[in-house]
1. Given the structure, is LEU602 in the same structural domain as PRO182 (by TED's automatic domain parsing) and among the hydrophobic types (A, V, I, L, M, F, W, C)?
2. Could you please find all residues in the stretch 493-514 being at negative phi and buried (at least 23 other Cβ atoms within 10 Å of the Cβ)?
3. May I ask you to list the residues in the stretch 166-199 that are among the β-branched types (Val, Ile, Thr) and more than 28 Å from the chain's Cα centre (by Cα)?
4. Among the residues of the stretch 312-345, how many are out of contact with any Phe, Trp or Tyr (no Cβ under 8 Å at 6 or more places or on another chain) and over 27 Å from TRP117 (Cβ atoms)?
5. Can you tell me which residue in the stretch 624-655 is surrounded by the most Cβ atoms within 10 Å (Cβ to Cβ), limited to those that are aromatic (Phe, Trp, Tyr) and closer than 15 Å to TRP189 by Cα?
6. Out of ARG638, ARG644, report the one residue that is of a type in the set (D, E, K, R) and outside any loop (DSSP other than H, G, I, E, B).
7. Which members of the stretch 368-406 meet the condition of being more than 24 Å from PRO337 (Cα to Cα) and either within 28 Å of the chain's Cα centre (by Cα) or part of a loop (DSSP other than H, G, I, E, B) (or both)?
8. Would the stretch 591-608 turn up any residue that is more than 16 Å from the chain's Cα centre (by Cα), within 25 Å of ASP113 (Cα to Cα) and surrounded by 17 or more Cβ atoms within 10 Å (Cβ to Cβ)?
Amino acid sequence: MRLDKDALARLLPAIYRLRDAQQAEGKRPLSDLIRLLAEQVQELEENLEQLYDDQFIETCDDWIVPYIGDLVGCRNLNPKIPGIPGRRAEVANTIAYRRRKGTASMLEQLARDVTGWESRVVEFFLRLATTQNVNHVRPDNLAVASIKRAAEIESLSTPFESFAHLADIRSVSARRGKYSIPNIGIFVWRLDPFSVTLSPATPVDGKRFFFSQLGHNLPLITCPQSEQDIAHLAEPVNVPMPIGRRLLKEHFADYYGRDRSIFIEGCDKIKICNLSDRGNANNWGPEPDADCVAIDPELGRLMFGADQAKPPEVAFHYGFSAEMGGGEYERQSSFTPDGNFTVIRVPQDHPSVQAALAAIGNQDAIIEITENGCYSEDLNKNFIANRRVEIRSANQIRAHLKLNNPFRIAGDNIGITLNGLLISGNKIQFSGKTKSLRLLHCTLVPGLSLTAEGRPANPAAISLEIESIEELHVEKTILGSIRVNEDANLQLADSILDAASWNAVALAGHVNEGPAGNVSITRGTVIGGIRAAFLKLGCNSIFCSKVTSKKLQDGCVRFSYIPWGSRVPRRHRCQPVDEETAAGIYPVFTSHHFGQPGYCQLAPSTPIEIKEGADDGSEMGAFHDLFQPQRESNLRVRLEEYLRFGLEAGIFYAS
């Protein structure tokens, strides 16, 4: 029973209630007193209910969670990691973990919950080549590999291989040895699958197309399917790994479909082929039948048997490390509020971006592209002074602007925002005295465009050229070389600035490539040199080439990799620390070519001074906020508790 004001009043004799109602001037002192008592009783009831809820991890207050964790002996982990279930979920799962302690499926689930990475656990002692006892024959553990088992040969050196190996006594915890009696391997996939939904394929001719929006070879990645059984060990369809030709052919239904990893709109007859170049780039093979389409998932190519009237719409997934550069992920919080802006939608209100630009009059405006697709246009606009304009892809949309000529923007004291756009083909060029430019979740393709092999088509080209600007803000963006005026203020955060070559200049002045403006780079990866008038701040960043700052009396470079011999303000805890160690400490990337899945991802062979050299123990560079060292450290802490006695575990990066 809830004791509210009316319930308490009904407990009083009626005479008191009548006398209270007869008080002069409408005053009811007894009712007021009862209301105050009811409020206190209500608070007491709510407190009693919460005390009951506090006995359970699912319903307790946040401050109770550490105490329940102490009761079940659940040690604290690093709480910074984004996208990981909170402390509450970890404490809730502790008992379930212990009931299945030491099993491979439990370790696999533990790795996923603690790191947020998809994982696969391999018991290496089951893959040792051994002399078998006739009382325990294992026909799947043959010491000699059969070359007739093509599917198994393709899985060699992956977490899913089934071949037997000779013993390796090196330490598995240091990722050196694998196949030994006490060894367990935990393979984790650091790359995430990012979707592209029903976007036009990039044509080579009427029959041949690339899945990639930029027209280059791109391995298609599995969109992981959830495991239904708690005791189930991950299979290739459950992790974000590249899709092989044979794998797609033998498990076609698992990978092809509207809600699967790959889909082509309007195509029913599919053939899996090797569409590699045969002698030259103009000859893919083999050519399919007229009513059929051939897919090569390893190269991201498709070919029809007959000419197509228009490019087919395709859906697929590509691999990348983080939500950066635009894509079908949540970006709503980065949008300019619509309140004081006129919103023009493409293609609903105008069929092209240039038509939408032409429709902007004496008003602040937002141009929002609402569909995935390629907009091949000649863009230019002379804005009225003091205008504020945002050009963006709609939330969870990635529009591709293919520039036939430089995108020329002019206007005095204008503020421009580009958000969620993939821009290729040519540079963006500002003239006049620009107030500000904000690049959020954009990709200005380094080298302007890519060849079919995924190399920059114009390595020396500039992506962004600005005659005069007060403030340039870059966040969660990938872009090529910048040329900007000497008195500009440039802030770059969580982004990649790539000149397409370590020997090129990534940032310099607009005039004769002199010094650029006042530069602050936080959690950035810079490929190419920097010529700055004043390097105000470099923090938790990687500068792959030499940096020169004209002003040295102020500013700071801290917790960053910066090549020895750079001319910068005072250093604090940077790498390398001296000329002697410079030869052995440098960043190693999985790939330094834009468009590849491991682009600018630090490889496992990178020195620990860089992998854990940021101010909070995370890695330097654009992917600092993934907190990958902390993820691995948290997993090692948990393995000490849940690994079976006598076993040793190694953590291996599968991507």
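1. On the way: in the same structural domain as PRO182 (by TED's automatic domain parsing): no; among the hydrophobic types (A, V, I, L, M, F, W, C): yes.
Judged against the criteria, LEU602 is not a match.
2. Pass one, the stretch 493-514, residues at negative phi: 493, 495-499, 501-511, 514.
Passing the criteria: SER495, ILE496, LEU497, ASP498, ALA499, ALA506, LEU507, ALA508.
3. In the first step, residues of the stretch 166-199 are kept if they are among the β-branched types (Val, Ile, Thr); the result is 169, 172, 181, 184, 186, 188, 196-197.
Those that are among the β-branched types (Val, Ile, Thr) and more than 28 Å from the chain's Cα centre (by Cα): ILE169, VAL172, ILE181, ILE184.
4. Qualifying residue count, the stretch 312-345: 12.
5. We begin by selecting, within the stretch 624-655, every residue aromatic (Phe, Trp, Tyr); these are 627, 642, 645, 652-653.
Retained after the next criterion (residues that are closer than 15 Å to TRP189 by Cα): 627, 652-653.
On the way: PHE627: 24, PHE652: 16, TYR653: 18.
For the stretch 624-655, the residue satisfying everything is PHE627.
6. Values: ARG644 fails: outside any loop (DSSP other than H, G, I, E, B).
Just one listed residue meets the conditions, ARG638.
7. In the first step, residues of the stretch 368-406 are kept if they are more than 24 Å from PRO337 (Cα to Cα); the result is 373-380, 402-406.
Listed by number, the residues that qualify are GLY373, CYS374, TYR375, SER376, ASP378, LEU379, LYS402, LEU403, ASN404, ASN405, PRO406.
8. The answer is no, given that none of the residues of the stretch 591-608 is more than 16 Å from the chain's Cα centre (by Cα), within 25 Å of ASP113 (Cα to Cα) and surrounded by 17 or more Cβ atoms within 10 Å (Cβ to Cβ).
The values are calculated or read from the model by the stated rules, or taken from the named source; none is laboratory data. Computed from a predicted model, the values in this text were never measured in an experiment. Glycine gets a Cβ as well: all are built from the backbone with ideal geometry, and neighbour counts include every protein chain shown.
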